[in-house]
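Heads up: the structure comes next, in structure tokens.
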Amino acid sequence: MNTVLIAGATGLIGEAALTHFAKADNWKVIALSRRKPEPVCDPANFRHITVDLCDLSSCRSACAELGAVTHIIYAAVAEQAGLVSGWHDTEQMQLNLSMLQNLLEPLRATAANLQHVSLLQGAKAYGAHAGQIPPVPARESAPRVQHDNFYWLQEDYLKTIAEEAGFTWTILRPQVVVGSTSGAAMNPMLAFAAYAEIRRAENKPFSFPGGALQLAETVDAELIAEALEWAATATAAREQTFNITNGDVCAWRELWPALAAAFNIEVGPDEPMSLAAYLVERQDIWEHLAQKNDLRISNLKNFLGESHHYADILLRANSTALQHPMLLSTIKLRQAGFTACRDSEAVLTRLIAEMKTRRFIP
């Protein structure tokens, strides 16, 4: 039986991976994170170890217990408040490299049967946030877009240590990831949920807060989890990088009526705004909602993480024209053997129901 170690198990992708592997056959599961995860699965099906990846001594202590690990899913990431400034901060880049090193260096000495490591990147690999104009669609086969990014630091290190230690690796590059995980750095569903409930409390409609229609892609965190299980053992996934999306193209403006229906709130006239600023100013409304409806998280910041800032990036409230789209080709992944897909509108509707079931929203 394989033993998978999921680093960053309380994050958006980490929680989905933990939930998936804990329900899968033939896997023992170890969750690694600073706080205890609360996935939608039987807690008896995984073991949790508290560790701070920024602390090498903490990692060394944890790795002493991890000799049985055969596979690693590295889903941990450090982000700065507001997100964007951190994407250009060299110290932040070095921190993310150090976190990966702090885990793999001591683990390579204890996990003698380590076979595979899966690493997460993202669409920022194609440099749009650094002023590059990516092709449509962006493909993994293109030369590396040269810009400062911790992805490259981690990737180069992973390839080097994998060759030295004799394990294989896979890198997944998801587009906008969505899930029902609270407190995530970049889960737009959290911002949309808080916005819907606060607007309802204010007797206001669910007006679209973004700008002009923009083409987009999303990916269900559960789909990524499925791909991570495939990558762990598939020969075609070894030493490969894959884009991953749900498989369709969408636009937040066009999805808005479906979101409103799932939240059971009326759509109103467009109202371009900074969603981050709007929500932060209404923490007291959220606290009242949380108390009245016995929600699990009464602190709005703890619920949102940095996702309200991410929602602003996606919605582009100040945009009045269609901008150059950031679209990913997923042909390589399909041809390699992972062909699962999702309908994005159906995924978002399901996630809203999940957030209600988990008592994150009324």
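The values are calculated or read from the model by the stated rules, or taken from the named source; none is laboratory data. Worth saying up front: this structure is predicted, and the values here are computed from it rather than measured. Cβ placement follows ideal geometry from the backbone for every residue including glycine, while neighbour counts extend to all protein chains displayed. Calculation scope for accessible area: heavy atoms of the full protein, side chains included, ligands and nucleic acids excluded. Shrake-Rupley method; radii C 1.70, N 1.55, O 1.52, S 1.80 Å.
If you take the square roots of the eigenvalues of the alpha-carbon gyration tensor of the range 219-342 and sort them as a ≥ b ≥ c, do you get rounded (a/c under 1.5), prolate (a/b over b/c) or oblate?
Since a/c reaches 1.5 and a/b is larger than b/c, the shape of the range 219-342 is classed as prolate.
Can you work out the Karplus-derived ³J(HN,Hα) for every residue in the range 316-321? Use 6.51 cos²θ - 1.76 cosθ + 1.60 with θ = phi - 60°, whole Hz, and x for glycine or proline.
Coupling constants for the range 316-321: 6, 4, 8, 7, 10, 9 Hz.
With N denoting the number of residues in the range 54-140, provide Rg(C-alpha) divided by 2.2 N^0.38 Å, to two decimal places.
The reported ratio for this selection is 1.33.
Taking the Cβ of His116 as the centre, find all other residues whose Cβ is under 12 Å away and add up their charges (Lys, Arg: +1; Asp, Glu: -1).
Summing Lys and Arg as +1 and Asp and Glu as -1 gives -1.
In whole Hz, with x marking every Gly and Pro, tabulate ³J(HN,Hα) for the range 257-271 from phi via Karplus 6.51 cos²θ - 1.76 cosθ + 1.60, θ = phi - 60°.
x, 5, 5, 4, 5, 5, 7, 6, 9, 6, 7, x, x, 3, 9
Tell me which residues come under 5 Å, amide H to amide H, from Val267 once H is placed; ignore anything under 5 positions away on its chain.
Distant-sequence amide H within range of Val267: Phe206.
Expressed as an acute angle from 0 to 90° and rounded to the nearest 10, what is the orientation of the C-alpha long axis of helix 150-165 relative to the principal long axis of the chain?
Computed tilt is about 20 degrees.
Would you pull out the residues with amide H under 5 Å of Val176's amide H, same chain only if 5 or more places away, H placed 1.01 Å from N?
Glu217, Val219
Students sometimes get this wrong: rank Arg296, Arg173, Arg342 by accessible area, probe 1.4 Å, all chains present, largest first.
Arg296, Arg342, Arg173
Taking amide H atoms as placed 1.01 Å from N in the peptide plane, list the residues 5 or more away in sequence, or in a different chain, whose amide H sits under 5 Å from that of Glu140.
Asn243
Points 7 angstrom from Cα along the Cβ direction at His288 and Ala236: gap in nanometres?
Each label point lies 7 Å from its Cα, and together they span 5.5 nm.
Identify all aspartates and glutamates with a Cα-Cα distance to Lys23 below 18 Å; exclude those on the same chain that are fewer than 8 residues away in sequence.
The qualifying aspartates and glutamates are Glu15, Glu38, Asp42, Asp220, Glu222, Glu226, Glu229, Glu354.
At 1.4 Å probe size, what's the solvent-accessible area of Glu345? Round to the nearest 10 Å².
90 Å²
What nm value, rounded to one decimal, do you get for the distance between Gln323 and Asp270 when each label is placed 7 Å out toward the C-beta?
In this crude spin-label approximation the distance works out to 1.5 nm.
Looking at the chain, what % of its DSSP beta bridges pair antiparallel, to the nearest 5?
Taking every DSSP beta bridge within the chain, about 5 percent pair in antiparallel fashion.
Please turn the phi angles of the range 112-124 into ³J(HN,Hα) values with the Karplus equation 6.51 cos²θ - 1.76 cosθ + 1.60 (θ = phi - 60°), one per residue in order, whole Hz, x for glycine and proline.
Values, residue by residue: 5, 10, 5, 10, 7, 10, 9, 10, 9, 10, x, 5, 5 Hz.
Reported to two decimal places, what Rg/Rh ratio describes the range 114-241 when computed on Cα atoms with Rh from the Kirkwood expression?
1.06
In deg cm²/dmol and to the nearest 500, what is the mean residue ellipticity at 222 nm of the chain if only DSSP H runs of at least 4 residues count, each as -39500 (n - 2.57), divided by the residue total?
Per the formula, -12500 deg cm²/dmol.
For helix 283-293, what angle does its Cα long axis make with the longest principal axis of the chain, in degrees from 0 to 90 and rounded to 10?
90 degrees
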